[in-house]
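Notes follow the structure.
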Amino acid sequence: MQILISGASIAGPVLAYWLSRRGFDVTVVERAPALRKTGGHAVDLFRPAMEISERMGVLPRIEDYATGTTSLTVHRPWATRPAHIDYLKLIAAVSDRHVEIMRDDLSEIYYDAGRDAAEYVFGDQITTISDDGNVTFEHGAPRRFDLIIGADGVHSGVRRIVFGDDVPERFLDGYLSVVSVPKSLARDGDMIGYFEPDRIAMIYTADHLDDARAVFLCRPRRPLDYDHRDVARQKDQLRSVFRGMDTVVDRWLEEVERTPTFYFDAITQLEMTSWSSGRVTLVGDAGYCPGPAVGGSTSLAVYGAYVLAGEIAKTGGDHVAAYANYERTMMPAVLGSRSLARVNAKTLVPGSRWGVRALVGVSRAVSILPLQLKQALARLNRKGIRLYDNMPLPTYAESPETIAAQGTLRSD
Ligand SMILES: Cc1cc2nc3c(=O)[nH]c(=O)nc-3n(C[C@H](O)[C@H](O)[C@H](O)COP(=O)(O)OP(=O)(O)OC[C@H]3O[C@@H](n4cnc5c(N)ncnc54)[C@H](O)[C@@H]3O)c2cc1C
């Protein structure tokens with residue numbers, strides 16, 4: 001059975017790994033000319049994504065590449081001294097199994113895990129998909145596939161082809177930008193932040209990085225006239241929102257023009273109630289992005305890819321049954337991460353001085369509570385901050401032999 005996946009970032013390579021391992025012929029087409037080592041922010045892997053990575057045998061490598069951030073120093077314009085927050089203890093309240101890693105490192109690790117078993121085609125993209133599985137590409141020759149899966153992110157091309165431009169989505173009133181800047185501007189292990197109502201700027205680096213990443217989060221009073229393809233305009237908008245925040249932040253902004261890597265996106269959440277049609281389904285941000293930086297999109301993408309591959313294998317490639325099971329299994333996590341992201345978008349970038357005080361105060365308080373108390377409090381809130389740790393991880397048969405045995409059992 002031939003399966004085509006569009007997108008090779010996080011969801012795509014994880015899905016390719018699990019499908020090939022279960023005996024399917026997998027092709028991955030990625031629009032970028034090579035695996036995108038183009039910066040981006042650190043992303044979080046919570047318990048289920050850690051366990052999936054462990055089952056893939058890549059957890060030690062992921063842990064080697066962890067960012068190693070241990071503290072957060074917060075400057076506020078009205079405070080004479082910065083606040084110091086124990087970052088590790090803060091994260092321990094959210095998850096008891098977690099790692100923070102750069103998106104590009106994680107993508108490469110997942111890609112390396114499955115690259116030999118799948119065909120990867122870079123620098124191309126799908127242009128049309130017919131009901132019987134015939135696919136045309138921008139550059140390559142047309143081919144037929146039994147299943148076609150969009151893992152091509154929040155601006156998914158597969159989603160546009162199959163569902164059109166008008167899918168339900170909700171703008172969470174914010175924007176995220178990540179800029180690669182010289183490493184000398186940051187301190188190893190300590191994330192430095194400047195917090196004000198409606199805008200937050202932070203910088204951090206990691207031992208193994210040659211650069212540092214400046215992260216900008218804002219919730220302007222009026223939406224920006226934003227186009228996700230117009231990088232020059234995004235850079236101007238970023239500078240105009242953040243200029244004058246602090247001389248240190250102005251220094252980071254000087255790098256925007258010459259940075260080799262620049263990420264900017266509106267914090268938008270998809271609200272599709274179903275993301276499959278015929279032979280096609282979506283995985284990760286393409287189908288259910290809760291919003292960049294606010295809803296645990298990376299863990300959800302890893303989880304989704306694992307569940308989708310498992311359901312396809314379990315049903316022997318019967319896409320009607322597999323996609324229905326996949327959507328049913330994912331729905332609680334998708335809905336939970338949507339509501340968590342809506343809350344996070346407001347609390348992470350407060351709209352008032354009071355809100356900034358509360359955010360910093362609560363973060364400090366949580367970071368100094370004893371671990372057991374922190375975890376006991378968090379456990380009371382299984383649908384909130386502990387959502388990701390509590391997503392149930394199904395177990396699927398792992399090898400083609402086991403699947404064949406399962407098939408025999410089913411037909412008996
Ligand atoms: C370069 C980059 C930087 C990022 N930086 C951040 C960040 O700083 N903060 C944050 O919260 N999230 C960031 N993200 C998004 C984050 O990776 C995802 O939210 C999450 O990891 C889920 O991953 P995904 O695989 O579903 O989607 P994504 O990581 O968005 O990956 C989608 C992949 O599909 C490819 N693609 C897009 N369109 C097509 C097409 N038409 N045909 C073929 N391939 C296509 C893209 O090049 C990309 O490799 C970034 C994504 C990318 C690609």
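Do the conditions hold for D104, that is, is it acidic (D, E), open to solvent by less than 50 Å² (accessible area, probe 1.4 Å) and over 24 Å from V349 (Cβ atoms)? When the stated conditions are applied, D104 passes them. Please tell me if D165 is closer than 30 Å to V135 by Cβ and part of a loop (DSSP other than H, G, I, E, B). In short, yes.
Which residues, counting only those in segment 348-360, are part of a helix (DSSP H, G or I) and open to solvent by 40 Å² or more (accessible area, probe 1.4 Å)? Outline the logic, then answer.
Let us first name the residues in segment 348-360 that are part of a helix (DSSP H, G or I), namely 348, 353-360.
Correct list: L348, R353, W354, R357.
Assess whether R222 counts as being within 26 Å of A358 (Cα to Cα) and surrounded by fewer than 20 Cβ atoms within 10 Å (Cβ to Cβ). When the stated conditions are applied, R222 passes them. Residues in segment 1-17 that are open to solvent by less than 10 Å² (accessible area, probe 1.4 Å), more than 10 Å from the ligand (Cβ to nearest atom) and part of a helix (DSSP H, G or I): A16 alone.
For the condition surrounded by fewer than 21 Cβ atoms within 10 Å (Cβ to Cβ) and farther than 28 Å from I3 by Cα, D86 qualifies.
Considering segment 138-159, the residues that are in a strand (DSSP E or B) and open to solvent by 30 Å² or more (accessible area, probe 1.4 Å) include one that is farthest from the ligand (Cβ to nearest atom), namely R144. Note on segment 171-200: residues that are more than 16 Å from the ligand (Cβ to nearest atom) and not acidic (D, E) total 11. Taken together, the residues in segment 160-179 that are small (G, A, S) and buried (at least 22 other Cβ atoms within 10 Å of the Cβ) amount to 2. The sole residue among D146, D96 that is of a type in the set (D, E, K, R) and modelled with pLDDT of 95 or more is D146. Answer with yes or no whether F24 is open to solvent by less than 30 Å² (accessible area, probe 1.4 Å), closer than 30 Å to R364 by Cα and among the aromatic types (F, W, Y). Taking the combined requirement at face value, the residue does not satisfy it. Out of everything in segment 243-272 that is surrounded by 16 or more Cβ atoms within 10 Å (Cβ to Cβ) and away from the ligand (no atom under 16 Å from the Cβ), what residue ends up being farthest from S352 (Cα to Cα)? Only one residue tops the list, namely L253.
Looking only at residues in segment 36-73 that are surrounded by fewer than 19 Cβ atoms within 10 Å (Cβ to Cβ) and among the hydrophobic types (A, V, I, L, M, F, W, C), the one that is modelled with the lowest pLDDT is A66.
The values are calculated or read from the model by the stated rules, or taken from the named source; none is laboratory data. The structure displayed is predicted, hence computed values, not measured ones. As a convention, Cβ positions derive from the backbone with ideal geometry for all residues, glycine included, and neighbour counts pool all protein chains shown. Accessible surface is based on the protein model in full, side chains and every heavy atom, while ligands, DNA and RNA are left aside. Shrake-Rupley method; radii C 1.70, N 1.55, O 1.52, S 1.80 Å.
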